[in-house]
Structure formats: structure tokens, C-alpha cells
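Here is the structure we will look at.
Please treat every number below as a calculation from the coordinates, not as lab data. Computed from a predicted structure; not experimentally measured. Positions of Cβ are generated from backbone atoms using ideal geometry, with glycine treated the same way; all protein chains shown enter the neighbour counts.
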Amino acid sequence: MTATLPGYFISFEGIDGAGKSTHIDAFCKLMQERYPNREVVVTREPGGTPLGEQLRALLLDAPMNLETEALLMFAARREHIAQVIEPALQAGKIVISDRFTDASFAYQGGGRGLSIAKLNALEQWVQGRNDGSLLQPNLTILFDLPGEVAEARRSKVRAPDKFEKMDLHFFEKVRQEYLRRAKEAPQRFHLVDATKTPDAIWNGLQSLKINL
Ligand code: TYD
């Protein structure tokens, strides 16, 4: 059972180079204008807390055993939920996170091959609440596009981190796992065709229905 809290939780997802970063700031502003009585909290994963940001620096740089990587992602997430996400949702705020658990399924599961059973167990453990419900985003905006389009975009912009150095095959597997998660929870996911122009994507985001 998914937790129902007074706030509203939105996550942004997609493979590296899908263009989510281009839209996330503008989307946060849009939410703040639309819901002036609600505070909008913008955060990210891995990260979002002082400990989480330290873990992020390690996770994006240091090569490590796959299980270790997944456990650290979820450790950072546990802290993020406890310190930031859940208190904000309890207070009725809108939380917008640049990535959440779907990224662990996609990257550690799809990309690197960690078993989905282990990821399910971690999700239950870290997002499980005392009343038996599971903390999940109310809405996940997934920027979807083929791996080679994302790769071409990435190579233009920045120095790659550990994940961004992976090959096309890796990103195709990441993409497929995102799509599997979206199929599993269609009511939570909104798919964005990220091959479209930034203007077309922004128009779509602006007309997205939010049940708040
Ligand atoms: P990203 O969100 O793309 O930030 P930036 O735009 O600054 O590069 O980078 C985070 C990276 O971490 C991305 O490559 C995906 C990866 N990641 C995982 O592998 N597992 C996770 O659970 C999360 C949250 C992120």
C-alpha cells in the first residue's frame, strides 16, 4: 500500500543525457506559481542531506562492488527520507527530487545487473513506514529516449562521472529497466518523449495534470 501524506512528491528520472536537468528548475518554479500556498522543496539523489552529499561524491567517483554501491545508494536515500522528504510531506509541502528509487532499479539493477529481488527488498526496507505503507513518489516524470541519442547529447556538454562513462549497451539496459518500472506502476509514471525539442517537452510539462 502506498503511503498517503499531506504533501505531494514528484521525482524526475531518465538516463544521463535525457535532458531532465534542463527542465527541473523551470518545473519547480511553475509548481511554486501554481501552488503559492505550498512550499516547494527541491532536492536530489544521491544526495539531499549533508551525509547524502558525501556519499554522492563517493558513489559518482569511486569504483566499488555492486552490492556496496546499492547499499550506499539506499543508505543515502534512508537519510534523505528521514531528514528531508518525509518531514516535508508531513507538513504538506511539494517535494521535487532529481532522481529517486527508480534510478537504483535502472542503474544498479538494469545497468549493472543487481537482482530485482534484492532491490525490491531494499525498497521495502528503506521506504517502508510504521503503518505498513510504502513511501513512493505521487508522480514520476520519466524522460525516455534511445541510448545513442542520449550519448550524443552527453558528449557535447560535460566531463563524465563514473556512470556517464559507461557504454551504450549499459544505457540501453538502464532505459529498459526504467520502462519496466513504468509499466509496473503506470498510474505513478508520466513518460516524456525526450527526443522532442526542449520547447515541445516544456509545453507537455506545463499541461501535465497534477492531482493536488
Ligand atoms: P545525475 O542525476 O545525472 O546528476 P548530474 O546531472 O549532476 O550528472 O547523476 C547521478 C548519477 O547517479 C546518474 O548517473 C545516475 C546515478 N544513480 C544511480 O546509479 N543509482 C541511484 O539510485 C541514483 C539516485 C543515481
Rounded to the nearest 0.05, what FRET efficiency is calculated for VAL149 and ALA185 with R0 set to 25 Å and r the Cβ-Cβ distance? 0.50
Quick check: net charge around ARG112, other residues with Cβ under 12 Å of its Cβ, Lys/Arg +1 and Asp/Glu -1? 0
The chain, relative contact order in percent, only Cα pairs under 8 angstrom and at least six apart counted: 32
Compute the projected area of the convex hull of the Cα atoms of the chain, averaged over all viewing directions, and report it in nm² to one decimal place. 11.1
What does the net charge come to around THR49 if you take all other residues with beta carbon closer than 11 Å to its beta carbon, with K and R at +1 and D and E at -1? +1
In percent, what relative contact order does the stretch 36-111 have, based on Cα pairs under 8 Å that are 6 or more apart in sequence? 46
Which order do the peptides 58-66, 19-27, 163-171 take when ranked by the mean count of other beta-carbon atoms within 10 Å per residue, highest first? 19-27, 163-171, 58-66
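Full extension from ASP61 to LYS118: what is 0.36 nm times the residue separation minus their Cα-Cα distance, to one decimal in nm?
The ASP61-LYS118 span can extend by a further 18.2 nm.
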Among rounded, prolate and oblate, which fits the stretch 111-207 when a ≥ b ≥ c are the square roots of the eigenvalues of its C-alpha gyration tensor, a/c under 1.5 means rounded, and a/b larger than b/c means prolate? oblate
Efficiency by 1/(1 + (r/R0)^6): what FRET value for THR197 and LYS156, r their Cβ-Cβ distance, R0 = 22 Å, to the nearest 0.05? 0.90
Can you give the helix-only mean residue ellipticity at 222 nm for the chain, where every DSSP H stretch with n ≥ 4 adds -39500 (n - 2.57) and the sum goes over all residues, rounded to the nearest 500 deg cm²/dmol? -13500 deg cm²/dmol
Would you mind putting 178-186, 76-84 in packing order, based on average other-beta-carbon counts within 10 Å, highest first? 76-84, 178-186
Per the C-alpha gyration tensor (a ≥ b ≥ c, the square roots of its eigenvalues), the stretch 111-168 is rounded if a/c is under 1.5, else prolate if a/b beats b/c, else oblate; here it's prolate
Please sort through the DSSP H helices of the chain and keep those with an alpha-carbon extent of at least 18 Å along the long axis and a Kyte-Doolittle average not below -1.0. 20-34, 66-80
Sort the stretch 1-50 into rounded, prolate or oblate with this rule: let a ≥ b ≥ c be the square roots of the eigenvalues of the Cα gyration tensor; rounded if a/c is under 1.5, and if a/c is not under 1.5, prolate when a/b is larger than b/c, oblate otherwise. oblate
